[in-house]
1. Rounded to the nearest 20 debye, what is the charge dipole size of region 72-146 about its Cα centre when +1 sits on each Lys and Arg Cβ and -1 on each Asp and Glu Cβ?
2. Exceeding 26 Å between C-alpha atoms, which entries from my cross-link table qualify? They are 42/112; 36/112; 36/174; 49/93; 49/113.
3. Which loop trypsin sites (Lys or Arg not before Pro) in region 66-152, with loop taken from DSSP, have no more than 15 other Cβ atoms within 10 angstrom of their Cβ?
4. Using DSSP to call loops (not H, G, I, E or B), can you name the GluC sites (Glu not before Pro) in region 86-174 whose Cβ has at most 13 other Cβ atoms within 10 angstrom?
5. Rounded to the nearest 20 Debye, what is the dipole magnitude of region 30-108 about its Cα centre when Lys and Arg each give +1 and Asp and Glu each give -1 at the C-beta?
6. For region 158-174, take each phi angle, set θ = phi - 60°, evaluate the Karplus expression 6.51 cos²θ - 1.76 cosθ + 1.60, and give the result in whole Hz per residue in order, putting x for glycine and proline.
7. If you plug each phi of region 143-153 into the Karplus form 6.51 cos²θ - 1.76 cosθ + 1.60 with θ = phi - 60°, what whole-Hz ³J(HN,Hα) values come out, in order, with x for Gly and Pro?
8. Just to be sure I understand the model, the point goes 7 Å from the Cα along the line to the Cβ. What's the resulting residue 166 to residue 115 distance in nm?
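Any read-out appearing in this document is the output of simple, stated calculations on the displayed coordinates, not a laboratory observation. Values in this document were obtained by computation on a predicted structure and should not be read as measured data. Heads up, the Cβs are rebuilt from the backbone with ideal geometry, glycines too, and the neighbour counts pull from every protein chain shown.
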Amino acid sequence: MNLKKLLLILLFPTILIGQSKNTYTNSVENEFITQKPNLTLKAAFELTKRVQSVADSLNTNVSLAILDAAGITILQIKGENVGPHNTEAARRKAYTSLSTKTPTLQLLRAVKKSSDSQNLAELPELLLLSGGSPIYWNGHIIGSIGVAGGGSAEKDDLLAKSAQILEFGINTTK
């Protein structure tokens, strides 16, 4: 037998194995790894720009925070002449809305109606003030926004809900 045929016979199984699909990896991915959509920094910048535009139209400055789906701060800004406490309040509003999957104004009103829910106000990271909203894409929460310093509960709520990029399906409603 010549050397070329021998090499071909020896290498052929290796070539076939290299071409086969790794079924172990696929089963591990299904059991141990999830793939969740998440807000990007680029989207956070765009959302900030859009919320700032609405705030400008209302002649107000606000602080805001945008978190990813895991609750990590992607972007946080302090508005001009907005009290420094509002920057942390914005982050906590965003965290509260993400954690509860509920806009904070809606949550605040629900807690006031139900004595069973009032203990939510005692959790250290949650902040039951209006101005927080989950951010959705295709029915999945991909992040959240918190807005503070707008001057009223309704304004903060309105501004948080304006965090939308509708042309890409990113919005504050499921």
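1. Values: 8 positive and 5 negative charges, 35 e Å.
Its charge dipole is roughly 180 debye.
2. 42/112; 36/112; 49/113
3. Working: sites: 78, 91, 92, 93, 101, 109, 112, 113; in loops: 78, 101.
Listed in order of number, the matching sites are 101.
4. 125
5. Details: 9 positive and 6 negative charges, 13 e Å.
Roughly 60 debye, rounded to the nearest 20.
6. So the J values, rounded to whole Hz, are 4, 5, 4, 6, 7, 6, 9, 10, 4, 5, 10, x, 8, 8, 9, 10, 5.
7. x, 7, 9, x, 10, 9, x, x, x, 7, 4
8. Here the answer is 4.4 nm between the modelled labels.
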